[in-house]
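This report concerns only the one structure given below.
A short reminder: the numbers here are calculations on the coordinates, not readings from a lab. Keep in mind the model is a prediction, meaning the values are calculated, not measured. A quick note on method: Cβ atoms are made from the backbone with ideal geometry, for glycine too, and the neighbour counts reach across all protein chains shown.
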Amino acid sequence: MPIPSLKIIQLLSVFAVAFTAPTWAKALVLLYGTILAPGRRTVTAALRAMGLADDKHFTNYHRVLNRDQWSPWVLSKLLLALIIHLCLPAGAPLILAMDDTLERRRGSKIKYKGWFRDAIRSTANHVSKSLGIRWICLAVLVPVPRSQRLWALPFMVVPSLSPKTSAKLKKRHRTLIDWAIVMIGKVRRWQPDREIVIVGDGSYAAVPLVQYCQRRKHPVKLVSRLRLDACLHDFPGSQPKGKRGPKPKQGARQPSLANRLTDPKTQWQTLKVPWYGGQEKVIQIVSGVSLWYRRGLDPVPIRWVLVRCPDDPNFEPRAYFCSDPGVSAKQIILWFIARWNIEVTLEEVRAHLGLETQRQWSDKAIERTTPCLFGIFSLVVLMAKELHPDTLPVRQASWYPKEEATFSDALAAVRRNLWGQANSNPSASDDDLLLIPRPTWQALLEMACYST
């Protein structure tokens with residue numbers, strides 16, 4: 001059976017308070033087995049990876065997910081605190097990326113499934129829908145050794161049901177915005193004094209969410225995309241003396257962002273910013289502070305940024321906004337570009353941790369399994385960082401000089417530590433004392449560590 005090193009044991013001990021002693025022991029077995037197992041991430045696959053295929057009490061491990069008492073919210077709070085402690089300096093802002101992803105699942109016993117837009121299979125001209133469970137993921141953007149980009153480490157994942165599914169289960173329906181408000185509120189309560197920046201795609205560009213972020217005692221900065229036809233207004237002027245009636249909430253309507261694109265009087269500013277894929281891009285921007293108005297809602301002040309790139313014919317003009325009008329236009333662009341790292345995380349969880357390969361069908365197991373897989377992604381990165389604090393080892397070959405570390409390297413580093421601890425023998429230091437030649441053993445170990 002794999003034996004974790006002392007550094008891994010100390011790191012994971014933070015979560016022991018969320019479980020009873022028997023449940024914690026079984027949870028550790030499932031955790032190590034999920035990290036080591038290739039292919040499907042089922043309970044039985046984890047037990048096989050841990051050498052427990054002949055255990056007659058295998059149902060006890062299934063109960064960790066479908067019956068034992070523990071709270072995913074408590075684990076989210078502990079995981080967030082651990083990520084901040086190990087990856088962020090004191091006083092650094094907490095930059096959180098929010099996104100939703102679809103876990104394709106079928107089966108008559110899976111009550112949470114519904115029909116949702118499938119972003120992977122959809123195109124600009126065709127919307128494809130798939131049956132499954134939609135999850136909202138909240139991740140922290142942190143630096144990782146030997147990587148120039150920020151990594152998005154998930155710590156909170158919740159299911160978002162379709163209106164039809166909510167009505168069928170007789171549950172109160174929560175939209176993406178409703179769940180975003182719940183999740184942001186929890187993070188603010190857990191981290192009351194730290195600056196928090198939430199970055200999401202256009203799905204989270206909503207006036208109610210901006211209102212929630214601005215009205216809190218400690219406001220949260222929300223950054224997202226803005227429609228080019230958004231209704232923007234001037235701030236209201238002073239009320240004329242003696243005029244009766246309520247004071248207007250907004251001033252005159254401003255030209256739309258789409259009109260500003262074609263208006264020759266628009267004064268553009270040229271900027272060079274880090275862009276997607278680690279490249280630098282020369283763009284032109286125009287920015288301003290306006291009131292964003294939606295019918296039936298109070299207007300909210302935002303800073304908007306309109307971006308174009310005349311030198312790139314394939315670049316579509318776009319607009320971003322921040323709920324804090326005092327933030328600079330360049331900072332808004334940099335924050336939104338950093339959001340792409342959560343897309344990388346969603347793909348890595350599918351490729352290396354077997355998302356969509358689970359086979360649980362009970363409600364409680366479904367609610368727990370997928371968030372645990374996302375949490376394991378963050379734990380693997382933290383373990384690799386503790387094992388290699390200065391530089392993360394990457395897979396090298398004479399024909400492939402790899403410079404940037406990826407999640408596969410972090411997963412391989414943790415697997416190598418778990419298997420290396422179990423198979424190390426200080427007395428067998430010479431090659432002639434080993435049953436397997438050392439080069440062959442190293443090749444087999446590398447294949448196992450990088451298996452998916």
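Each of 84, 177, 342 has some number of other Cβ atoms within 10 Å of its Cβ, and from fewest to most they run 177, 84, 342. Is the shape of region 1-157 rounded, prolate or oblate, going by the alpha carbon gyration tensor and its root eigenvalues a ≥ b ≥ c, with a/c under 1.5 for rounded and a/b larger than b/c for prolate? It comes out oblate by the Cα gyration axes.
Counting only Cα atoms, the chain measures 95, 55, 45 Å along its principal axes, largest extent leading. Karplus-derived 3J(HN,Hα) values for region 208-214, using 6.51 cos²θ - 1.76 cosθ + 1.60 with θ = phi - 60°, are x, 5, 5, 4, 5, 5, 7 Hz; glycine and proline are entered as x. Applying the Kirkwood pairwise sum to the alpha-carbon positions of region 213-361 produces a hydrodynamic radius of 18.1 angstrom. Segment residue 57..residue 399, full-extension length gain: 118.3 nm, with 0.36 nm per residue of separation and the alpha-carbon distance subtracted. Cα centroid separation, region 231-275 to region 338-388: 43 Å.
Of the residues 256, 411, 267, the one whose Cα sits farthest towards the positive end of the charge dipole of the chain is 256 (charges of +1 on Lys and Arg Cβ, -1 on Asp and Glu Cβ, taken about the Cα centre). Here the calculated FRET efficiency for residue 85 and residue 252, from their Cβ-Cβ distance with R0 = 56 Å, stands at 0.65, rounded to the nearest 0.05. When a/c reaches 1.5 or more, the comparison of a/b and b/c decides; with that in mind, is region 137-280 rounded, prolate or oblate per its Cα gyration tensor? Oblate is the answer for region 137-280, as a/c is 1.5 or above yet b/c matches or exceeds a/b. From the Kirkwood radius over Cα pairs of region 101-212, Stokes-Einstein at 10 °C and 1.306 mPa s returns a whole-number translational diffusion coefficient of 98 µm²/s.
Subtracting the Cα-Cα distance of residue 21 and residue 357 from their residue separation scaled by 0.36 nm leaves 118.1 nm. As an exercise, use a Förster radius of 41 Å and the Cβ-Cβ distance of residue 238 and residue 175 to find the FRET efficiency, rounded to the nearest 0.05. Here the calculated transfer efficiency is 0.65. Here the dipole of region 53-106 is about 200 debye; that uses its Cα centre as origin and unit charges on the Cβ of Lys and Arg (positive) and Asp and Glu (negative).
Positive end of the dipole of region 119-237 (Cβ unit charges, origin at the Cα centre): among 125, 228, 161, the Cα lying farthest that way belongs to 161.
Go through 129/281; 186/247; 164/364; 26/170 and tell me which ones have a Cα-Cα distance over 29 Å in this structure. Long pairs (Cα-Cα over 29 Å): 129/281; 186/247; 26/170. Net charge dipole, region 297-351: roughly 140 debye, given to the nearest 20, about the Cα centre with Cβ charges of +1 for Lys and Arg and -1 for Asp and Glu. Simple point charges give the picture: +1 on the Cβ of Lys and Arg, -1 on the Cβ of Asp and Glu, and for the chain a dipole about the Cα centre of about 2700 debye. Residues within the reach of a label modelled at residue 450 (point 7 angstrom out along Cα to beta-carbon, backbone nitrogen below 18 Å), restricted to region 369-401, are 392-401.
A dipole drawn for the chain from +1 and -1 charges on Cβ atoms has a positive end, and of 352, 452, 14 the residue lying farthest that way is 14. Between residue 314 and residue 441, the simple label model (points 7 Å from Cα in the Cβ direction) yields a spacing of 4.9 nm.
Placing a label point 7 Å from the Cα of residue 334 along the Cα-to-Cβ line, the residues of region 64-89 whose backbone N sits under 20 Å from it are 87-89.
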